[in-house]
Structures are given as C-alpha cells and as structure tokens.
Amino acid sequence: MIPIAIEELEALGLGELTGSGEVTGLTIDSRRVRPGDLFVAIRSGRQFVGEARNRGAATLVPADEFGSMAVVGQILRGRSRARFVGVTGSTGKTSTKDILAALCAPVADTVWTEDSYNAELGVPLTLGRLEPETELCIVEMGMRGFGQIEALCDIVRPHVGVISAIGPVHLELVGSVDGVARSKAELVTALPPDGTAIVPASVHLEPHLRDDIE
C-alpha cells in the first residue's frame, strides 16, 4: 500500500486510533492482519482489536465505518499516479472487470477488485492494495440505490467508466429499468471532461449520458 503516516490519520479524527509510524496495508479482516497494517474494526471486528495490535497492526475503531473507510480510500487515491477504471452494470460487471484485468496485467502494473468487493468497504480495500508503482486500477462498483455509484466515484475518481449492461435488476431499489440506467449513469457523470465512457446501446441509458464524454 502507498504509506500513510499515523499522525496524518490522527489529524482527521476518524475515531479511536492506536499506532505509530506509517501504515502500509489496509484490512478489515483480523485474520489477514500483518505488521504495518491498519486494521479498521468494522462491526464485530471490534472484538479483535487487541489481537490485531498484538500482531503488529495499527488499529482504528471508526466513529463512522463507511465514512472513515472512504476517507482512507480518498487519501490513497490522491497519492496514486495510476489510471483508474470504474466498472458497473446490471449483469456482467465482475466478468468484465476480470477480463480487463487479464488483458491489462501482462502489460501494466495493475490492481483490480478482488472477487466482488464492490461496495462502501470493498472499494477502499481495493485502493489499499495500490503501490507507488501501480499504473492501472480497475474498480468494480455495485449499486444498491440512487447515489451509491456517485459516492464510490467520489472515492475512486475514475478516468474511464465501463457499463457492462442495463437491465431489470434491483428494481425494488430504483423502481424501473430507467431508474437502473439513471443510477448506472452516475459513473459517466463522474468522469472528467477528458474521460472515456464505454457503454451499451440502451434506450434507457441514452437520456442520462453526458454529451462531452468520449
């Protein structure tokens, strides 16, 4: 991981923080703790704080679990020189992410989402695997309602957005396929003016796309 000084984290007031020096890894799973890690105690993970400290980790018991992870992710994103790709879609997003990673990893130092760690905790954990030499980071983004992909994009700040498909999935959260399209289009809206969007042909998606994206 791109190192972060404990003093810098302390100044942010994220919660009860213990440790010194720099953290060089990020985890919420006490079973995966290594010396130098920052162990963020999420929910029942609080009972393993002592164990994590004994194994050489700094620990954070956050005041706001999702918010604290987002801040750590934003710090790491801001220090990386990599290009960032966001991938979402009603179906096929994990396969698309994995195919992109398989194509890119042989030619560029690439980090990508493990399994389907594509929500408020998983996205910062992916950024926790960034190294100073990382050239490309492919981040899968899930959707559980309006505004979630936008929030994940606030952390990742992608240069490229890929939408694999638009379909009738999670309608209980967004009401209609048009709602699905509007939610997925948050990825395109978050791209910079020189960003690139790769999207499927969709009568539902088209009204929600920006016209200044390549």
Legend entry - Residues (out of contact with any Leu (no Cβ under 9 Å at 6 or more places or on another chain), surrounded by fewer than 20 Cβ atoms within 10 Å (Cβ to Cβ) and farther than 17 Å from LEU130 by Cβ) located in the range 62-99: THR91, GLY92, THR94, SER95, ASP98, ILE99
Legend entry - 2 or more residues touching a Gly at 6+ places or on another chain (Cβ under 9 Å) and surrounded by fewer than 18 Cβ atoms within 10 Å (Cβ to Cβ): qualifying strands (runs of 3 or more DSSP E) within the range 112-214: 196-198
Inset, instruction - Answer yes if at least one residue in the range 7-21 is open to solvent by 80 Å² or more (accessible area, probe 1.4 Å) and touching a Gly at 6+ places or on another chain (Cβ under 8 Å), and no otherwise. - result: no
Legend entry - Of all residues making up the range 176-198, the number that are within 14 Å of HIS159 (Cα to Cα) and either touching a Cys at 6+ places or on another chain (Cβ under 7 Å) or not charged (D, E, K, R) (or both): 12
Legend entry - Failed item in (1) free of Cβ contacts under 8 Å to residues at least 24 places away in the same chain; (2) under 30 Å from ALA165 (Cβ atoms), with THR94 passing the rest: (1)
Legend entry - Residue satisfying condition, being under 19 Å from VAL40 (Cα atoms), touching a Lys or Arg at 6+ places or on another chain (Cβ under 7 Å) and at pLDDT 95 or above, within set THR88, THR113, THR126: THR113
Legend entry - the range 30-57, residues that are open to solvent by 40 Å² or more (accessible area, probe 1.4 Å) and not small (Gly, Ala, Ser): ARG31, ARG32, ARG34, PRO35, ARG43, ARG46, GLN47, PHE48, GLU51, ARG53, ASN54, ARG55
Inset, instruction - Residues being of a type outside the set (A, V, I, L, M), in contact with a Ser or Thr (Cβ under 9 Å, 6 or more places away or on another chain) and under 19 Å from ARG144 (Cβ atoms): count how many of those fall in the range 183-214. - result: 5
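The values are calculated or read from the model by the stated rules, or taken from the named source; none is laboratory data. The model shown is predicted, which means the values in this text are computed figures rather than measured ones. When we count neighbours, we look across all protein chains shown, and the Cβ atoms used for this are built from the backbone with ideal geometry, even at glycine. Heavy atoms of the whole protein, side chains included, go into the accessibility calculation; ligands, DNA and RNA do not. Shrake-Rupley method; radii C 1.70, N 1.55, O 1.52, S 1.80 Å.
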